[in-house]
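S.K.: Dropping the structure in here first, questions after.
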Amino acid sequence: MSEEFIFGWHAVEAVLKREPERLQQVWIQTGREDRRVKTVTDALNDLGVPWKVVHRKELDQRVSGVHQGVVAAVSESREWSEDDLLAMLAGSGKPPFLLILDGVTDPHNLGACLRTADAVGVQAVVVPKDKSASLSPTVRKVACGAAETVPLVRVTNLARFMRTIQNDGVWLIGTAGEAESTVYQADFTGPVALVMGAEGKGMRRLTREHCDLLINIPMLGHVDSLNVSVATGVCLYEALRQRLA
């Protein structure tokens, strides 16, 4: 199986906790001797995973991004399919709670959306196979471990997938600036999927047409829109508030 690199303490610790069998080798920047490093290295020793203390320059050469002094080589994670997700939803015993991202291409936005999705209990994040950021080391780093807990499901035909879950009773709520209803008027309490559009462009026409309801986020200042990851957080936490109530 081919390998990939992950970096950042949250991402490495998440794999160590949930999928330790994927770890192949870990590199830690010289000069760190705190409790966090000891906890990780003790766990790696117990698992028999090799690790080395190296200079920062070596870490910089392995990955591009703020690695926080730790990089790990891991085997590639299994990619979830549409069938995997539908089977998981059918057997979960809980009302579906999904996030659909239509064309989010910035890895920092995807990582932030995964992090919020994990925080509010979203069961999976669904993206189209084309015109979407991949699950890159940067995404995993920004997600702070959420990329290892929330399945990222890449579907070939997003409109068809939306029709499928609609037929299973999932209510599709999409965001659009011109919508008449606000996020605070929508009902998120049942089986629901929040649909967010791409940075700047919003949802594609077919995606919009498959939504059962369009909502907006009230904007009272001079700025007319929010970053997609911020807007996703606003909507997901309103959904969580309602679902907890």
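The values are calculated or read from the model by the stated rules, or taken from the named source; none is laboratory data. None of the values given here were measured: they were computed from a predicted structure. Ideal geometry is used to build each Cβ from the backbone, glycine not excepted, and the neighbour counts take in all protein chains shown.
S.K.: Are there strands (runs of 3 or more DSSP E) fully within segment 1-108 with at least 1 residues that are more than 20 Å from the chain's Cα centre (by Cα), of a type in the set (A, V, I, L, M) and more than 30 Å from R243 (Cα to Cα)? List them. Even if it seems obvious, please write down each step before you answer.
M.R.: Numbers: elements: 3-7, 23-29, 51-54, 70-75, 97-102.
In segment 1-108, 23-29, 51-54, 70-75 are the strands (runs of 3 or more DSSP E) which contain 1 or more residues that are more than 20 Å from the chain's Cα centre (by Cα), of a type in the set (A, V, I, L, M) and more than 30 Å from R243 (Cα to Cα).
S.K.: Cβ-Cβ below 8 Å, separation at least six or inter-chain, first residue in segment 27-50 and more than 12 Å from Q68 (Cα to Cα), second surrounded by 13 or more Cβ atoms within 10 Å (Cβ to Cβ) and among the β-branched types (V, I, T): which pairs?
M.R.: If the second residue must be surrounded by 13 or more Cβ atoms within 10 Å (Cβ to Cβ) and among the β-branched types (V, I, T), the pairs left are V40/V12; V40/V26; V40/I28; V40/V70; T41/I28; L44/V26; V49/V26; P50/V26.
S.K.: Moving to a separate point now. On the given criteria, is A245 loosely packed, with under 14 Cβ neighbours inside 10 Å, under 21 Å from D118 (Cα atoms) and at pLDDT below 95? Please lay out each step first, then the result.
M.R.: Numbers: loosely packed, with under 14 Cβ neighbours inside 10 Å: yes; under 21 Å from D118 (Cα atoms): yes; at pLDDT below 95: yes.
Criteria met by A245.
S.K.: Looking at (1) closer than 25 Å to V195 by Cβ; (2) outside the structural domain of A176 (by TED's automatic domain parsing); (3) among the aliphatic types (A, V, I, L, M), can you tell me which one L59 breaks?
M.R.: Condition (1) is where L59 drops out.
S.K.: Within segment 100-115, is there a residue that is in contact with a Lys or Arg (Cβ under 7 Å, 6 or more places away or on another chain), among the hydrophobic types (A, V, I, L, M, F, W, C) and surrounded by 15 or more Cβ atoms within 10 Å (Cβ to Cβ)?
M.R.: Looking for residues that are in contact with a Lys or Arg (Cβ under 7 Å, 6 or more places away or on another chain), among the hydrophobic types (A, V, I, L, M, F, W, C) and surrounded by 15 or more Cβ atoms within 10 Å (Cβ to Cβ), one finds none in segment 100-115, hence no.
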